[in-house]
1. Here are some residues: 290, 328, 264. Which one is out of contact with any helix residue (DSSP H, G or I) (no Cβ under 9 Å at 6 or more places or on another chain), of a type in the set (A, V, I, L, M, F, W, C) and at pLDDT 75 or above?
2. For residues in the range 131-154 being of a type in the set (A, V, I, L, M, F, W, C) and either buried (at least 21 other Cβ atoms within 10 Å of the Cβ) or not in a helix (DSSP H, G or I) (or both), which is farthest from the chain's Cα centre (by Cα)?
3. Which numbered condition in (1) surrounded by fewer than 19 Cβ atoms within 10 Å (Cβ to Cβ); (2) under 25 Å from the mean Cα position of the chain (by Cα); (3) modelled with pLDDT of 85 or more is the only one that residue 346 fails?
4. Among the residues of the range 339-356, is any part of a loop (DSSP other than H, G, I, E, B) and farther than 30 Å from residue 403 by Cα?
5. Select from the range 430-460 the residues that are modelled with pLDDT of 85 or more and over 14 Å from residue 332 (Cα atoms) and list them in ascending order.
6. Just to check your reading of the model, which residue among 384, 412, 418 is of a type in the set (A, V, I, L, M) and surrounded by fewer than 18 Cβ atoms within 10 Å (Cβ to Cβ)?
7. In the list 370, 295, which residue meets the criterion of being among the charged types (D, E, K, R), modelled with pLDDT under 90 and not assigned by TED's automatic domain parsing to the domain that holds residue 114?
8. Just to be sure before I move on: is residue 312 at negative phi and modelled with pLDDT of 85 or more in the structure I sent?
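The values are calculated or read from the model by the stated rules, or taken from the named source; none is laboratory data. None of these values were measured; they are calculated from a predicted model. For neighbour counting, all protein chains shown are included, and Cβ atoms are generated from backbone atoms with ideal geometry for every residue, glycine included.
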Amino acid sequence: MTENLTSIQTGLRSELRQLVRSQLALLLEQGNLEGAKSLLIPVLPVDIAEAIEGLPESMQVIAFRLLSKAEAIEVYEHLDTTVQQALIQQFKQQEVLDIVDKMSPDDRVRLFDELPAKIVRRLLSQLSPGERQSTALLLGYEEGTAGRIMTPEYISLKENLTLAETLKRIRSLANASEIVYYLYVTDASRQLTGIVSLRDLVICDPETTLGEIMTREVVCVHTDTDEVEVARMIQRYDLLALPVVDREQRLVGVVTVDDILDILQQEATKDIYAIGGLQSDGDNYFQTNLITVVRKRVVWLLVLLLTNTVTGTIIRGQTSIIEKMAILTAFIPLLTGTGGNVGAQSSTVVIRGLNTDEIRTLGSSKIILREALAGILLGVILGALAAFWAYFLLHANLAVAISVGISLICIALLAAVAGSTLPFVFQSLGLDPALMSAPFITTAVDVLGVLIYFTIARMILNL
């Protein structure tokens, strides 16, 4: 019942977003700016951002200018970086500064990463001193690390404060801090010594000191920790935020769960594109220039084209057996296609396991053995069906049907082993397992699969 209600609510919200987008476009086309402004008043900032992204580029600036300054800043942070860049090009200089200066430091850095260096230098020099310092701090860390994605806006306190004094200090700092659900306790050297949750702060006696209730075993990461590892730690320990410390264990920032969700989405998108043989640098694929899209996709398609050339050469070398038993060629697409699918399945589960760290405790050898056994079982099932199909439906002779069945078992085993082994091999070489595995698996199955098939057929048919 609850699941059905949630599903209905999600569907209604989706329909509402689509309605807002279509109505906004219609009102802007009619030049009814007051109507468009009224339409957006009750809409949440994240939904306004989605509606603006769906508009033609010429209308995006008009819609954005209808927002109040405070709302515009929040909406801007939710926009896709490509839309943010397009808007910046059309804003007046002061409008850009008003928006960028009020953004949270981590969102500002994410935007700067996508802008040309010349524009970044100009914007950075014109920020207020405090915002310029916090932004320069984050830009000083390498991309893809905790230091780059953290926010320096957090609340740190001393352990000798009472809870009543702490609450008073939180009220004074709340507007300048992004984090209020965790309080970080530091010593005189700014070293992280403990953490207090907002829940503990509320339920304990006001005269209790932070030192009495704080948790001293704090889960934290260093500024150079990879952002994917940060995401895993937040997931593992069910945290809303994770403190970031430097080499001297001094607290320098906090990574929040909303930033981690963005990172996980980006990583999942990259992996999905990579498994499909697409190179992704994090840009929105559907908003990328068509020439760039073709350039990214053509690389592995050329690899597969060359592979098919090799496969064709092998088939051409088997003309003697094909002339005597031409029906053998009818099963080549079935064998290579099935093998490719088995290999893709094995590589997908292994790549996913590597990304989520689920298979670390099992070890590569156990995973490969498990997939090999699965390949054999799948091959037996599919091979039997293929042999039945060849003999009874295509009326091939029994020897050909047996050749097809045995070949499919061998190819399924080959594909499963290749699909589970190559991700580990490429990871050990420092290459992206997702990007490299798909074309190489296809290559192995196509070339070796055809060789296996004709070798088995020669043996069984005595040709």
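1. Working: 328 fails: out of contact with any helix residue (DSSP H, G or I) (no Cβ under 9 Å at 6 or more places or on another chain); 264 fails: out of contact with any helix residue (DSSP H, G or I) (no Cβ under 9 Å at 6 or more places or on another chain).
It is 290.
2. First, pick out the residues of the range 131-154 that are of a type in the set (A, V, I, L, M, F, W, C): 136-139, 146, 149-150.
Keeping just the survivors that are either buried (at least 21 other Cβ atoms within 10 Å of the Cβ) or not in a helix (DSSP H, G or I) (or both) gives 138, 146, 149-150.
Working: 138: 22, 146: 16, 149: 15, 150: 18 Å.
Taking the candidates together, the pick is 138.
3. Here residue 346 meets the rest and fails (1).
4. First, pick out the residues of the range 339-356 that are part of a loop (DSSP other than H, G, I, E, B): none.
Checked the range 339-356: no residue is part of a loop (DSSP other than H, G, I, E, B) and farther than 30 Å from residue 403 by Cα.
5. 458, 459, 460
6. Working: 412 fails: surrounded by fewer than 18 Cβ atoms within 10 Å (Cβ to Cβ); 418 fails: surrounded by fewer than 18 Cβ atoms within 10 Å (Cβ to Cβ).
Unique residue meeting the criteria: 384.
7. Values: 370 fails: modelled with pLDDT under 90.
Selected residue: 295, the only one of 370, 295 that is among the charged types (D, E, K, R), modelled with pLDDT under 90 and not assigned by TED's automatic domain parsing to the domain that holds residue 114.
8. Numbers: at negative phi: yes; modelled with pLDDT of 85 or more: no.
So residue 312 fails the test.
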